[in-house]
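Worksheet for the structure shown next.
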Amino acid sequence: MNFKFALRLFTSSIGRKTIMAASGLALAFFMLVHLAENLLLLKGEAAYNGWVDFLLSNPLIPVAEIGLLILFLAHIITGLWVRYENYKAGGFSKYEESKSQGGRTIGSATMIYTAFALLAYLVYHMIHFRFADHSVGFYQMVTEAFRNKLFVSVYVAGALALALHLSHGFQSAFQTLGLNHDKYSFLIKAAGYAVAVSMILFAMLSVYFLLGMDLRFAPLSAPKVLETVIN
Amino acid sequence: MEKGFNITLRVWKKSQDEKDGRFETYKLENVIPDMSFLEMLDVLNEKLLKEGKEPIAVESDCREGICGCCGLVINGDVHGPDEHSTVCQLHMRRFKDGDIITIEPFKASPFPPIKDLVIDRSALDKIISAGGYVSVNAGSAPEANSIPVNKSLAEKAMDAAACIGCGACVAACPNSAAMLFTGAKISQLAILPQGNPERTSRVLNMVKAMDFLGFGNCSNEYECEAVCPKEIKISNIARMNREFLRANFICEEDPEMPLVFHKSTVDIPEEE
Amino acid sequence: MKLNSKIPSGNIQQKWDNYKFSAKLVNPNNRKKFEIIIIGSGLAGASAAASLGEQGYNVNVFTLPDSPRRAHSIAAQGGINAAKNYKYDGDSVYRLFYDTLKGGDYRAREANVYRLAQISNQIIDHCVATGVPFAREYGGLLDNRSFGGAQVSRTFYARGQTGQQLLLGAYSQMMRQVAAGTVKVFSRREMLDIVVKDGKARGVIVRNLVSGEIEKYCGHAVLLCTGGYSNVFYLSTNAANCNISAAWAAYKKGAGFANPCFTQIHPTCIPRSGDHQSKLTLMSESLRNDARVWVPLKKGDKRKPSDIPQEERDYYLERIYPAFGNLVPRDIASRAAKRMIDEGRGVGATGQAVYLDFKDAIAKQGTEKIKEKYGNLFDMYYQITDENAYEVPMRIYPAPHYTMGGLWVDYELMTAVEGLFALGEANFSDHGANRLGASALMQGLADGYFIISSTLPNYLANASFGKAETTDKEFKECEESVKSKIAKLLSAKGNKTPNEFHRQLGEIMWNYCGMSRSEESLKKALSEIPKLREEFWQNVKIHQDSRFNQTLEKALKTADFLEFAELLVKDALERKESCGGHFREESKTPEGEAKRDDENFSHVSVWEYAGEKKEPILNKEKLEFENLKPSVRSYK
């Protein structure tokens, strides 16, 4: 048996980037689902908790969690690895006068910073929600957190970092996976920005609760499609 | 005759013994706008030589933007402020009286410095020798028109083949990656039917050589595309990535070739 | 000097085949025992290294720049000729042969030129197979254009970068052999001398341009692929690194120098803008396909070109040469421009230019079409001159571009020194007194890919090689002479830079031995050059560093140019006829056109080195024309 082909995913630059890109895209997809779930908060306690209960009743959830963990680890490890290689290659502000040549964006130039910010935020997020006391009920736990100014400011920062990270990461992953063509590359770029901007909804949601708007408005009714999925 | 103007130059100087260099400042008077940037440096060097000072080591050859020999970072701009051109095509009319111009060499670990603004870019040749060719012996080729090539594909191959090997993509890359250079050659030969039989081994070996020589990883910031004098597109990098995945997961395993490089005048220790 | 051109027997169509059959072969197992030294990595050098490496010889390539891909072949724009007759417009090997020989004003060897035309088709096949992205038609087949005065479409091209694509093709084939272990590339090396032992070229002395060390290499044959010497004029379209040094070293070791006065002045270059000018940039000849060349009718007309009405313009090429119009060969177009300028009708601030006008072409075909064809050239023109050629006509002026003269070689490309070969522009063989457009690339690749790989084995198989090592006294002597020359330069205490000497030499050459030459001007040059050379050795100033030192490199090149220039002028003086790129004021028709003298000058002038401070000896190789009768070139 010859496993050289699979090994190259780890031993070559493009292989590592492929892992980073593929895991990144998967994580971006996860974030979109996560966002959709969070939006259920708008529909009120019953709807949100009902969905969470439905999820938790699935026996495959621990497996999915491990999968998610692997995705995160793969993304983080290959990301750091690639970064170290790039450091060795003599990159980063090589010149006395360093300036963009016109290719970089704020998102791309800050990838490593948003990455570390997200990592820190991830740990915080896990402590706060994943390993927290779930007995008060999920809706209660989340909305309570969202009424805490300090928490919301961290949460907003995390969401913005994520948006920035994805503004480059999404289309970059497609490029790395070889999916770039003059015909549709602008569509991928646009989709990347749309995904990035949608991450701001996380932040808006927390602010919504912080300002107590949920108390002022009745729970929103979800669009018809979502309704049928939930029920 | 046009009237000249005065400039101040801050030039990176490094002797052959030093590990690192420093900036030295020179004043130059009566710079004619019609001069090319390199002619301005010629004038400065003539002046320095006459004054008994050491001239600045700087490389150029064809001075018409095709040989890829010149390459400087001018005020932080790779190949100078003009878009998609080489240093030798830059003219002094882009500057004005009193300007302070900072000149640095291209920097990247796989491009060891030699002296002042002169660096060693033989690593790029080594990437080519790992597979940037079609294996066909002189005299054995079939009639040229026996394989038709779609015109727009031929144009695409030509777009990629226009690379002049100046190394600006590596110099501009925040990661010192050579993926635009490598991707361009892989693309040219992947698009043309003539390169098809060796597609698999080519991409695997060239990527291996690129990694081995210490170039960085592409983080898709597209600085390379922005400076490339020949406007080579990053879709070539995407194609290389595609070729790489294809070679790994779709194609039969081709025997791997050992990397044999020529020796450059500046030895890279890993290679010995 | 014995000049045996070794032309094979048989009729012209069979000579090359006859040669290949009679040539001795080297057993494949024995090939790796032969060390071949190649100087230069341009089209000829890289392709020779590739083809010899493929056959299994051990090849060592030495090149000046950091990478072999920088060689100046890369700057050729227009294309490469081949007698494929894909357009079915009456082309054939015989017609390409005829055009090349006639274009060269019947000063080349028939057999060599015919072989070149024969091989031209193989070159295209090979280049396509190696991945050169030639232009294609919609049907997917190769496209051709007509070029440089040819009446058939036989020029293959890759945009305006044909030289680049062909060089990169040859370079990649060479790098393939590097990976295969048959070729070694030594970059940043300048060859300073050739070592001859027992009458055979057995090695070279090179300078490592980084460490400054003098290195010795031993081999069984030395191939010079070092290009031409247009830089003797200081301002030319050649790259800064192009020089005569390697060929000059060969000349001093006994290789004859043939027809040094045959230099080509290209008609369409961007004129110089001032004293700082370091090189001239060529605008592809293909521009003349659509543009019209003109000057004002009135002398000293300083009006803007757009203010000069149609009837006050002189489209002089169309007027004088109605059959070919703006497409006359290079030498004709250059001299016509010079005549206009000499009449005081030059344009631009310096008066040293003529107009190349696209107005009519744009009106007829539209800006888009012109942009598609020549966009990169218009951009280049804009970058250099800051003028938009879509709106105002280009200003052009002739500039030295190519040198047909070079080391004398026989049919096998071997010089008068056994084992020393010269390929590409470095030899004299195929272009006679004038080279046609798109023929240089053809010759470089023919020599490297297809000819040397057949002729070198014949030499290797026939010669008996004694022992030679780099410790031999021949090597030591050469090393010493090179070292003392460098030491002399490094200890010079003058106050003029090598560049100033080179520029001064260029002025002498351009003024007295440029586009037109007279006995008087040549004699003037002959009196000036030795003075300048003497001054050089007494008054040159270079930076004193024995390692990486560009002023030393420049001084070494200039020193050789200063010696060579004199030989060029002597040859020009000796050749009292006008032919091709060589125009003698004394030999012209009443209309001012070149007048050839076949009775007295139908020969190759081969100059033999007689020793320092001695007059070189002139040898003549008579040119025999069995197939084509020399006729007067007329483009009227």
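The values are calculated or read from the model by the stated rules, or taken from the named source; none is laboratory data. Bear in mind the structure is a predicted one, so any value in this text is a computation, not a measurement. Cβ sites come from the backbone with ideal geometry, for glycine too, and all protein chains shown count toward neighbours. Quick note on the areas: whole protein, heavy atoms, side chains included, nothing else; ligands and nucleic acids left out. Shrake-Rupley method; radii C 1.70, N 1.55, O 1.52, S 1.80 Å.
Take the alpha carbon atoms of the stretch B:5-115, find their radius of gyration, then divide it by 2.2 N^0.38 Å using N residues; give the quotient. Write out the running numbers ahead of the final one.
Numbers: Rg = 13.6 Å, N = 111, 2.2 N^0.38 = 13.2 Å.
For the stretch B:5-115, the normalised Cα radius of gyration comes out at 1.03.
The alpha-carbon of A:Lys43 sits under 19 angstrom from the alpha-carbons of these aspartates and glutamates, leaving out residues fewer than 8 places away in its chain: A:Asp53, A:Glu144, A:Asp214, A:Glu227. Cross-linked pairs A:Lys88/B:Lys126; C:Lys15/C:Lys636; B:Lys19/B:Lys230: Cα-Cα separations exceed 28 Å for C:Lys15/C:Lys636; B:Lys19/B:Lys230.
Which value results when the Cα radius of gyration for the stretch A:146-191 is divided by 2.2 N^0.38 Å? All intermediate terms of the calculation are to be shown ahead of the outcome.
Details: Rg = 15.4 Å, N = 46, 2.2 N^0.38 = 9.4 Å.
Its radius of gyration relative to the 2.2 N^0.38 Å reference: 1.63.
Annotation for the stretch C:432-478: trypsin sites (Lys or Arg not before Pro) lying in DSSP loop with at most 11 further Cβ atoms inside 10 Å of their Cβ are C:Lys467.
If you wrap chain C in the convex hull of its Cα atoms and look at it from every side, the mean projected area works out to 27.1 nm². Beta-bridge orientation, chain C: approximately 70 percent antiparallel, per DSSP, counting only bridges with both partners inside.
Cα gyration tensor of the stretch C:1-140, axes a ≥ b ≥ c as square roots of the eigenvalues: rounded (a/c below 1.5), prolate (a/b > b/c) or oblate?
On the way: a/c = 1.62, a/b = 1.13, b/c = 1.44.
In terms of gyration-tensor shape, oblate.
Per the Debye formula on identical point scatterers at the alpha carbon atoms of chain B, with no solvent, log10 I(q)/I(0) at q = 0.07, 0.09, 0.10, 0.15 Å⁻¹ is -0.30, -0.48, -0.58, -1.10. Ranking C:His72, A:Leu201, B:Ile232 by Cα position along the charge dipole of the protein assembly as shown, where only Lys, Arg, Asp and Glu carry charges on their C-beta atoms, puts C:His72 farthest toward the positive end. Of the residues C:Phe34, C:Gln151, C:Gln443, the one whose Cα sits farthest towards the positive end of the charge dipole of chain C is C:Phe34 (charges of +1 on Lys and Arg Cβ, -1 on Asp and Glu Cβ, taken about the Cα centre). Springs join every pair of Cα atoms under 10 Å in this Gaussian network model of chain A, and among A:Ala120, A:Ala89, A:Ala28 the largest mean-square fluctuation is at A:Ala89.
Run the dipole for chain B about the Cα centre, Lys and Arg Cβ at +1, Asp and Glu Cβ at -1, nothing else charged, and hand back the magnitude in debye, nearest 20. Please list the in-between numbers first.
Values: 30 positive and 42 negative charges, 68 e Å.
Dipole size: approximately 320 debye.
Taking only the Cα atoms of the stretch C:266-400, the ratio Rg/Rh comes out at 0.93, with Rh defined as the Kirkwood radius. Using the empirical formula 2.2 N^0.38 Å as the baseline, the Cα radius of gyration of the stretch A:101-177 reaches a ratio of 1.37.
Over the stretch A:10-109, what number does the Rg to Rh ratio reach, with both radii from the alpha-carbon atoms and Rh per Kirkwood? Please list the in-between numbers first.
Details: Rg = 19.5 Å, Rh = 16.9 Å.
Rg/Rh: 1.16.
Principal semi-axes of the equivalent ellipsoid, √(5λ) from the alpha carbon gyration tensor of the stretch C:184-236, are 22, 17, 10 Å from largest down. If you wrap the stretch C:513-636 in the convex hull of its Cα atoms and look at it from every side, the mean projected area works out to 11.2 nm².
In the structure shown, the pairs C:Lys298/C:Lys373; B:Lys107/B:Lys263; A:Lys99/B:Lys263; B:Lys47/C:Lys252; B:Lys50/C:Lys338 are assessed against 25 Å; a Cα-Cα span above that value is assigned to C:Lys298/C:Lys373; A:Lys99/B:Lys263; B:Lys47/C:Lys252; B:Lys50/C:Lys338. When shorter helices are ignored and each DSSP H run of at least 4 residues is given -39500 (n - 2.57), the per-residue value for chain B at 222 nm works out to -9500 deg cm²/dmol.
Excluding the site residues themselves, the longest part of chain C lacking any chymotrypsin sites (Phe, Trp or Tyr not before Pro) in a DSSP loop with at most 11 other Cβ atoms within 10 Å is C:139-636. Here the stretch B:122-253 is described by how far its Cα atoms reach on the three principal axes: 45, 31, 28 Å, from widest to narrowest. Among the trypsin sites (Lys or Arg not before Pro) within the stretch C:32-84, those in coil by DSSP and having at most 16 neighbouring Cβ atoms inside 10 Å are C:Lys32, C:Lys33. Looking at the stretch C:2-62, the pairs of alpha carbons with a distance over 15 Å make up 63% of the total. Taken one residue at a time, the phi angles of the stretch C:542-556 give Karplus couplings (6.51, -1.76, 1.60, θ = phi - 60°) of 10, 6, 9, 8, 7, 9, 4, 8, 6, 6, 5, 4, 5, 5, 4 Hz. Gly and Pro are set to x. Is chain A best put as rounded, prolate or oblate by its Cα gyration tensor, with a ≥ b ≥ c the root eigenvalues, rounded for a/c under 1.5, and otherwise prolate when a/b is larger than b/c, oblate when not? Since a/c reaches 1.5 and a/b is larger than b/c, the shape of chain A is classed as prolate. Roughly how tilted is helix C:473-490, in degrees to the nearest 10 and between 0 and 90, from the longest Cα axis of chain C? That works out to roughly 50 degrees.
Estimated purely from DSSP H runs of n ≥ 4, each contributing -39500 (n - 2.57), the mean residue ellipticity at 222 nm for chain C is -11500 deg cm²/dmol once divided by its residues.
Using just the helices of chain A, give the 222 nm mean residue ellipticity in deg cm²/dmol: DSSP H runs with n ≥ 4 each add -39,500 (n - 2.57), and the total is spread over all residues, rounded to 500. The partial results should precede the final answer.
Numbers: 12 runs with 167 residues, N = 231.
Result for chain A: -23500 deg cm²/dmol, rounded to the nearest 500.
Which of C:Pro271, C:Ile396, C:Ala337 sits closest to the plus end of the dipole of the stretch C:266-400, meaning its Cα is farthest towards the positive end, when Lys and Arg get +1 and Asp and Glu get -1 on the C-beta? Farthest along the dipole direction, towards plus: C:Ala337.
Give me the angle, in degrees from 0 to 90, between the Cα long axis of helix A:111-125 and the longest principal axis of the Cα atoms of chain A, rounded to the nearest 10. Helix A:111-125 sits roughly 30 degrees off the main axis of chain A.
With all protein chains kept in place, the per residue accessible area of the stretch C:480-600 amounts to 41 square angstrom at a probe of 1.4 angstrom.
If you wrap the tightest convex hull around every Cα atom of the stretch C:401-450 and split its volume per residue, you get 70 Å³. Charges were assigned to the Cβ only: +1 to each Lys and Arg, -1 to each Asp and Glu. The resulting dipole of chain C about its Cα centre is roughly 540 debye. Spatial offset of the stretch B:152-177 relative to the stretch A:24-96 amounts to 35 Å, using the alpha carbon center of each.
Over the protein assembly as shown, the fraction of Cα-Cα pairs per 20 Å bin, rounded to whole percents and listed from the shortest bin up, is 11, 39, 32, 12, 5, 0.
Counting Lys and Arg as +1 and Asp and Glu as -1, each charge on the Cβ, what is the dipole of the protein assembly as shown about the Cα centre in debye, to the nearest 20?
Numbers: 134 positive and 131 negative charges, 144 e Å.
With only Lys, Arg, Asp and Glu charged at Cβ, the dipole is about 700 debye.
Against the longest alpha carbon principal axis of chain C, how many degrees, from 0 to 90 and to the nearest 10, is the axis of helix C:93-103 turned? Approximately 80 degrees, to the nearest ten.
Determine the distance separating the Cα centre of the stretch C:281-332 from the Cα centre of the stretch C:457-490; give it in Å without decimals. Spelled out, the Cα-based centre of one part sits 53 Å from the other. In whole Å, what is the distance between the alpha-carbon centres of the stretch B:60-134 and the stretch C:82-117? Taking the Cα centre of each part, the stretch B:60-134 and the stretch C:82-117 sit 41 Å apart.
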